[in-house]
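The values are calculated or read from the model by the stated rules, or taken from the named source; none is laboratory data. Since the model is a prediction, treat every value here as computed from it, not as a measurement. Note that each Cβ is placed from the backbone with ideal geometry, even for glycine, and that neighbours are counted across all protein chains shown.
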Amino acid sequence: MMSHQVVHEREQMSYFSELALQYIDGEWCSGSGSWDIVDVDPYTGDKLAGITVATVDEVDRAYRAAERVQKEWAATSPYERRLVFERALRLFEEREPEIVAAIMTELGGTALKAGFELSLVKDMLRECLHLSVAAEGRLLPSPAPGKENRLYRLPVGVVGVISPFNFPLFLALKAVAPALALGNGVVLKPHQETPVVGGGLIAKIFEDAGLPPGLLNVVITDIAEIGDSFIEHPVPKVISFTGSDKVGRHVGTVAAAHFKRSVLELGGNSALIVLDDADLDYAVDAAVFSRFVHQGQVCMSANRVLVDRSVQAEFTEKFVAKVASLTVGDPKDPATHIGPLINTVQADALSTQIDQAVAAGATALLRGTTTGSLMAPTVLTDLAEDAPILRRELFGPVVLLLPFDGEDEAVRLANDSPFGLSGAVHTADVERGVRLAQRIETGMIHVNGGTIADEPGVPFGGEKNSGVGRLNGECTVDAFTTLKWISVQHGRARFPF
């Protein structure tokens, strides 16, 4: 008799044969492009699937299907729409073991990371049960006698979603699920490194949950094949993009040129600040998690750890010791803390940045080796204030330790970045932490917590190059709906001529 583990491994491997396809108008189909996207296990280098890319025509077919079906979906009772999300939530719970295995295989995510991502997914779907009935209208007073102003909140129509490779399941669903719950159709373009976990798996869950065919479509393709057609297409009214600031700038520019709204969740360069009265052992734990979860491939990661000079020596000793104890290797091994980066190109590029920083005078308190896509942790200090590495998003297991003298310098160093997504402040005095947090130019910051946090009811988003707009809760309603004013004149109005 086969063990449950063997069964789950077979089920998750079937994902890469059955779900490595386009999903357009309720049909699983091959793209008609002239080349394939190759899906690879980043740890072993094994080929998981080859997916023929979708063309401009298939992008058009996906958007037209969503447009056609969306009107009937929007007219459906929100309480009926909500049932789909209840079923989807149950399916994620029932299929959790094989989904975890798929995350490990396609992303190189550890068991901890996979469980963390799925917990975020389930929280988001629970929030969608509320969002389905959250689009409330209003009655507004009028200065005109006998006039009634009705304000209706309506779905925008169709939303285009472009998702990243680091948390592809959650960060796709973060836009896809609320957009659907609010009555929209969706076309999703997952990152080419994670087409199954970030695309086909989502389509399969919603298909099995009873979502009407054509309402959600998944196109697996690349800008080399379709150019800007995904953004420029006349059907979508909102483009939701999660990814780098460089690509986000292009997405936002193209969307604006076509009078489309965009929601841009971009990169970060977060600072975790340790004040002189902080609980150092606790701050070390928060900093290590904030930097090294999922190999540091998280937009909210604490790239920089700022430490008051009076506690620098003690903090640094404890921090480096804990980082050195992290296990690097096979993400499927439960003992592994740090698995592979998404590919060797990313690993080599980051390794080069580290070498350049050291050559320019930085000190490596810990210098991890790079083998293929595996990078052991690196801790750098003694960085010049103008070091280029200080202002970049470092999507990997390297952290920068910076001492400061007093709160004003901590604020100056934390704000010396083109990004402003997340952050954290550690102190024994909570109100002191809040006062400092208010001075940091960032969309989110956490007193005595980590830099990585996302809750479905709290606005999520950044300042500066970290994005435009917010998601979660009421912000999600604003993002994926539009307002329509309908006035009603009771009795006869008087006109001047």
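Those helices (runs of 4 or more DSSP H) of the stretch 56-146 in which at least 3 residues are over 29 Å from residue 222 (Cα atoms) and either of a type outside the set (Phe, Trp, Tyr) or modelled with pLDDT of 95 or more (or both), considering only elements entirely within it, cover 56-75, 78-94, 111-131. Among the residues of the stretch 35-45, those that are in contact (Cβ under 8 Å) with a residue 60 or more places away in the chain and either surrounded by 15 or more Cβ atoms within 10 Å (Cβ to Cβ) or under 15 Å from residue 220 (Cβ atoms) (or both) comprise 35, 37, 39, 40, 41, 42, 43. Looking across 244, 240, one residue alone is under 20 Å from the mean Cα position of the chain (by Cα), polar (S, T, N, Q) and crowded, with 23+ Cβ neighbours inside 10 Å. It is 240.
For the stretch 292-308, filtered to residues that are polar (S, T, N, Q) and part of a loop (DSSP other than H, G, I, E, B), the residue that is farthest from residue 338 (Cα to Cα) is 303. Take residue 410 and tell me if it is part of a helix (DSSP H, G or I), of a type outside the set (D, E, K, R), touching a Gly at 6+ places or on another chain (Cβ under 7 Å) and in contact (Cβ under 8 Å) with a residue 40 or more places away in the chain. So residue 410 fails the test. Of all residues in the stretch 352-386, those satisfying the criterion of being surrounded by fewer than 18 Cβ atoms within 10 Å (Cβ to Cβ) and of a type in the set (Gly, Ala, Ser) are 359, 360, 361, 364, 372, 384.
Let's see how each residue does on (1) closer than 23 Å to residue 460 by Cα; (2) assigned to a strand (DSSP E or B); (3) assigned by TED's automatic domain parsing to the domain that holds residue 166; (4) touching a strand residue (DSSP E or B) at 6+ places or on another chain (Cβ under 6 Å):
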site	(1), (2), (3), (4)
356	no, no, no, no
379	no, yes, no, yes
395	yes, no, no, no
400	no, yes, no, yes
414	yes, no, no, yes
425	yes, yes, no, yes
428	no, no, no, no
432	no, no, no, no
440	yes, no, no, yes
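Just one residue in the set 298, 288, 305, 345 is over 30 Å from residue 436 (Cα atoms) and within 25 Å of the chain's Cα centre (by Cα); that residue is 345. Within the stretch 464-478, being within 21 Å of residue 167 (Cα to Cα) and either touching a strand residue (DSSP E or B) at 6+ places or on another chain (Cβ under 7 Å) or part of a strand (DSSP E or B) (or both) holds for 465, 466, 467, 468, 469, 470, 471, 472. Across the stretch 122-172, the qualifying residues are those that are among the polar types (S, T, N, Q) and farther than 30 Å from residue 495 by Cβ, and the one among them that is surrounded by the fewest Cβ atoms within 10 Å (Cβ to Cβ) is 132.
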